[in-house]
1. Just the residues that are of a type in the set (Gly, Ala, Ser), assigned to a helix (DSSP H, G or I) and either under 26 Å from residue 139 (Cβ atoms) or within 16 Å of the ligand (Cβ to nearest atom) (or both), please, taken from the range 232-283.
2. Please work out if residue 129 is touching a Leu at 6+ places or on another chain (Cβ under 9 Å), in contact (Cβ under 8 Å) with a residue 24 or more places away in the chain, away from the ligand (no atom under 16 Å from the Cβ) and under 26 Å from residue 303 (Cβ atoms).
3. Across the range 37-70, what is the number of residues that are hydrophobic (A, V, I, L, M, F, W, C), surrounded by 18 or more Cβ atoms within 10 Å (Cβ to Cβ) and either touching a His at 6+ places or on another chain (Cβ under 9 Å) or under 15 Å from residue 85 (Cα atoms) (or both)?
4. Under the condition of being buried (at least 23 other Cβ atoms within 10 Å of the Cβ) and touching a Leu at 6+ places or on another chain (Cβ under 7 Å), which residue from the range 177-190 is nearest to residue 37 (Cα to Cα)?
5. Name, by its number, the condition in (1) assigned to a helix (DSSP H, G or I); (2) touching a Ser or Thr at 6+ places or on another chain (Cβ under 6 Å); (3) not charged (D, E, K, R) that does not hold for residue 287.
6. Please specify each residue of the range 28-65 satisfying the condition of being near the ligand (Cβ under 9 Å from one of its atoms) and touching a Lys or Arg at 6+ places or on another chain (Cβ under 6 Å).
7. Of the residues 97, 83, 104, only one is buried (at least 17 other Cβ atoms within 10 Å of the Cβ), in a loop (DSSP other than H, G, I, E, B) and either more than 11 Å from the ligand (Cβ to nearest atom) or of a type in the set (Gly, Ala, Ser) (or both); which?
8. Kindly establish whether residue 25 is more than 16 Å from the ligand (Cβ to nearest atom), closer than 26 Å to residue 205 by Cβ and modelled with pLDDT of 95 or more.
Amino acid sequence: MPEENRGGLGADNPKHVVVAGATGYLGKFVAHEFKNRGYWVRALTRSVASLEKPGPFTAPAIPPDSIDEIFIGEATKPETLKGLCEGPIDVVFSSIGISRQRDGLTFEQVDYQANRNLIDLCCDSDVRKFVYVSMLGAEQIADLEITKAHERVVNDLERSGLEYAIVRPSGYFSDMGAVLDMAKRGRVLLVGDGTNRFNPIHGADLAAVCVDAAEGDDPVVEAGGPDILSQREVAELAFDVLGKPGKVTVIPLWFAYGLARFIGVLNRQFGDLAKFIVTAGEVDGVGPDRGKITLRSYFEELA
Ligand SMILES: NC(=O)c1ccc[n+]([C@@H]2O[C@H](COP(=O)([O-])OP(=O)(O)OC[C@H]3O[C@@H](n4cnc5c(N)ncnc54)[C@H](OP(=O)(O)O)[C@@H]3O)[C@@H](O)[C@H]2O)c1
């Protein structure tokens, strides 16, 4: 692509972007996508080692020489973010959120407050635009703690005075990779009857959507992948690609919700995470097709 047509404006006058969440599944693809389009990229991380190693489910490594600057800080601790948006920075992208619990923190503390801290920083600097990754169909699952946290960020962004884009993806291929892992072990567990339909998207395809959102004018961008499948069809596809007969075990919703409540009594955050996983087994989530990579080709790559 000629330099002058690139979103990052080419080598002489690149746009500057901060990528927060760059150690995660989506963030790793996004950092590379911004760089490939000619942006000057600063990655926020609390661990250089996590940045440098590939993530699970084909998320690429980000070696230090593949981006322009690494900023060490913890988005939950604003005092560690001083200077993050200096440069100046044109765009801040964030996919910070809890998808697997590691720190004992809550959705409120990470999915909301960490992103709120970034918004505050942008408002106090010359940042023009904030690109935030929320979720598709939030209105269907508005009672969940993760949804409340994400949508509070959306509300704050709407009132911030910043230009913004909210990306609302359906499921990620990383979660489908977890289904393939179960299939490799011989049995896939499904929550509910497995008939709910969704169109998950590859991290690389979603990264392109996110950078398009940074460059476009749409305040809300919904996105899904090329295949609309039920959970059961995903499991069948995994067994088909592995070339072995499939065993699917269904966990009834009433039991799964009961279990999530019980877990919640022991640990509220784990309970909230469990309730989210159970609810995802119940609702549909089909977004506009913005992906090129099929789930079959992804499973073939992983298998
Ligand atoms: N999976 C899906 O199907 C799906 C669908 C729609 C929306 N989403 C949303 O998309 C976003 C990104 O998902 P993902 O799969 O890329 O998540 P991920 O792989 O778990 O990455 C999450 C990022 O958030 C950071 N983070 C987590 N806890 C933190 C903390 N206490 N302090 C600072 N940073 C912290 C992680 O940093 P560390 O590496 O340092 O922990 C990582 O960079 C999430 O908000 C998720 O809710 C996911």
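The values are calculated or read from the model by the stated rules, or taken from the named source; none is laboratory data. Keep in mind the model is a prediction, meaning the values are calculated, not measured. When we count neighbours, we look across all protein chains shown, and the Cβ atoms used for this are built from the backbone with ideal geometry, even at glycine.
1. Passing the criteria: 256, 258, 260, 264, 271, 274, 280.
2. Working: touching a Leu at 6+ places or on another chain (Cβ under 9 Å): yes; in contact (Cβ under 8 Å) with a residue 24 or more places away in the chain: yes; away from the ligand (no atom under 16 Å from the Cβ): yes; under 26 Å from residue 303 (Cβ atoms): no.
In short, no.
3. We begin by selecting, within the range 37-70, every residue hydrophobic (A, V, I, L, M, F, W, C); these are 40-41, 43-44, 48-49, 51, 57, 59, 61-62, 67, 70.
Going one step further and asking which of them are surrounded by 18 or more Cβ atoms within 10 Å (Cβ to Cβ), we end up with 40-41, 43-44, 51, 57, 59, 62, 67.
Subset that is either touching a His at 6+ places or on another chain (Cβ under 9 Å) or under 15 Å from residue 85 (Cα atoms) (or both): 40-41, 43-44, 62, 67.
So the answer is 6.
4. Quick first cut of the range 177-190, residues buried (at least 23 other Cβ atoms within 10 Å of the Cβ) only: 180, 183, 188.
With touching a Leu at 6+ places or on another chain (Cβ under 7 Å) added as a condition, the list becomes 180, 183.
Details: 180: 32, 183: 37 Å.
Going through the qualifying residues, I end up with 180.
5. (1)
6. 55, 59
7. Working: 83 fails: buried (at least 17 other Cβ atoms within 10 Å of the Cβ); 104 fails: buried (at least 17 other Cβ atoms within 10 Å of the Cβ).
Sole residue among the options that is buried (at least 17 other Cβ atoms within 10 Å of the Cβ), in a loop (DSSP other than H, G, I, E, B) and either more than 11 Å from the ligand (Cβ to nearest atom) or of a type in the set (Gly, Ala, Ser) (or both): 97.
8. Numbers: more than 16 Å from the ligand (Cβ to nearest atom): no; closer than 26 Å to residue 205 by Cβ: yes; modelled with pLDDT of 95 or more: yes.
In short, no.
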